[in-house]
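The values are calculated or read from the model by the stated rules, or taken from the named source; none is laboratory data. Since we're looking at a predicted model, the values are computed, not measured. Note that each Cβ is placed from the backbone with ideal geometry, even for glycine, and that neighbours are counted across all protein chains shown. Calculation scope for accessible area: heavy atoms of the full protein, side chains included, ligands and nucleic acids excluded. Shrake-Rupley method; radii C 1.70, N 1.55, O 1.52, S 1.80 Å.
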Amino acid sequence: MEIYVAGLRNAHAMENQALAIMHPQVSRIKHYPEMAERLDQHVVETEGQLTRLDRLLDKTGSSHSSLKDTALSIGGTLAALGHSMAPDEIVKNSFANFAFENYEIAAYKSLLALAEQVADDEAISLLQHNLDEEIAMSEWLDSAIEPLTLRYASLSDSATEAKK
């Protein structure tokens, strides 16, 4: 149970990191409305994931770790800002987002295994919901990488600022 609760707290911090990564990206996107729209949608999903994780933490008599949440949020903000200086910011962000989604998928698979071990049926349902959202986002990003890259290349060839 101790490992399971630690995993829930880590997932909560991970989702705060995801928000810290996505918010600056969405605010900077200009020429890729489909990416901005999907990131906005995933921000809402991520907020729901945090609510579900809070519910599970409450159920275990625990709460999220403010220290972990803050540390990972700062890390997420710095990661998002790091790409903002690159001429191909939008492309780099799409790579990083795809990688992060797959990290989240692995984390939820791990948590699901622990929830099954402690026989927490409610947790299994809620964590599966989070996992399904992360898989859907990862699949969307996977399908968007090539067209986004080609759009970036096309805009780079024109007078339009292509990076974001």
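Given the conditions (1) touching a His at 6+ places or on another chain (Cβ under 8 Å); (2) modelled with pLDDT of 95 or more, and given that LYS109 satisfies all but one, which numbered condition is not satisfied?
The number of the failed condition is (1).
Out of LEU39, LEU50, report the one residue that is within 13 Å of the chain's Cα centre (by Cα), at pLDDT 95 or above and open to solvent by less than 10 Å² (accessible area, probe 1.4 Å). Steps first, answer last, please.
Values: LEU50 fails: open to solvent by less than 10 Å² (accessible area, probe 1.4 Å).
Matching residue, one of LEU39, LEU50: LEU39.
I need a count of the residues in segment 142-158 that are among the β-branched types (Val, Ile, Thr) and open to solvent by less than 40 Å² (accessible area, probe 1.4 Å).
Number satisfying all stated conditions: 1.
Keeping to segment 112-159, report how many residues are aromatic (Phe, Trp, Tyr) and modelled with pLDDT of 95 or more. Talk me through it step by step, then tell me what you get.
Step one: filter segment 112-159 for residues aromatic (Phe, Trp, Tyr), giving 140, 152.
Subset that is modelled with pLDDT of 95 or more: 140.
Qualifying residue count for the region: 1.
Please find, within segment 89-107, the residue that is nearest to the chain's Cα centre (by Cα) out of those that are within 19 Å of HIS31 (Cβ to Cβ) and not aliphatic (A, V, I, L, M). Write out each step before concluding.
Our first condition is that a residue be within 19 Å of HIS31 (Cβ to Cβ); within segment 89-107, this holds for 89-97.
If we keep only those that are not aliphatic (A, V, I, L, M) as well, we get 89, 92-95, 97.
Values: GLU89: 17, LYS92: 15, ASN93: 12, SER94: 12, PHE95: 12, ASN97: 7 Å.
Within segment 89-107, the match that is nearest to the chain's Cα centre (by Cα) is ASN97.
What's the number of the only condition in (1) in contact with a Lys or Arg (Cβ under 9 Å, 6 or more places away or on another chain); (2) farther than 15 Å from GLU104 by Cα; (3) open to solvent by less than 80 Å² (accessible area, probe 1.4 Å) that LEU56 fails to meet?
(1)
Checking ALA86 against (1) modelled with pLDDT of 80 or more; (2) touching a helix residue (DSSP H, G or I) at 6+ places or on another chain (Cβ under 6 Å); (3) surrounded by fewer than 16 Cβ atoms within 10 Å (Cβ to Cβ): exactly one of these is not met. Which one?
Answer for ALA86: the failing condition is (1).
Considering only segment 115-130, state which residues are of a type in the set (A, V, I, L, M) and either assigned to a loop (DSSP other than H, G, I, E, B) or touching a Pro at 6+ places or on another chain (Cβ under 8 Å) (or both).
Filtering segment 115-130 down to residues of a type in the set (A, V, I, L, M) leaves 115, 118-119, 123-124, 126-127.
Passing the criteria: VAL118, ALA119.
Anything in segment 115-141 that is in contact (Cβ under 8 Å) with a residue 24 or more places away in the chain, open to solvent by 40 Å² or more (accessible area, probe 1.4 Å) and either within 20 Å of TYR4 (Cβ to Cβ) or β-branched (Val, Ile, Thr) (or both)? List them, or say none.
Residues satisfying the conditions are GLN117, VAL118, GLU122, HIS129, ILE135.
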